[in-house]
Amino acid sequence: MLKKIEKLYRIGEVMEYASISRQTIHNYTVWGLITEARRTQGNHRLYNESVFERLAMIQEMKNKYTLAEIKEKFDAEAAKSRSNVPAE
């Protein structure tokens, strides 16, 4: 069976594809709105495909909510997902 190779994106690629600044990506990471999938040996952040969907959600939500409110909503959603996971 072939192992699926996950495409990871450096911050510059995320900036280019999502049309947002390095500082915005950094701020969202610090706020916990997005998370890196991994880091390189040089400690550079790498993001997976899901970051683009998350960034689109943030951009849409910014029209109605502050970043703090968006973080609360994401945290509540994550907590709900964790509580719905059956115990092993």
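FYI, it's all coordinate maths here, none of it is from the lab. Treat the numbers as computed from the prediction; the structure is a model and nothing was measured. Because the Cβ atoms are built from the backbone with ideal geometry, glycine has one as well, and the counts that use them run over all protein chains shown.
Points worth noting:
- Highest average first, the peptides 2-11, 16-25, 46-55 ordered by how many other beta carbon atoms sit within 10 Å of their residues are 46-55, 16-25, 2-11.
- If you wrap the Cα atoms of the chain in a convex hull and average its projected area over all directions, you get 8.1 nm².
- Rel. contact order, % - alpha carbon contacts under 8 angstrom, at least six apart, the stretch 9-83: 27 percent
- Length gained when the stretch LYS64-ALA76 is fully extended (0.36 nm per residue, less Cα-Cα span): 2.6 nm
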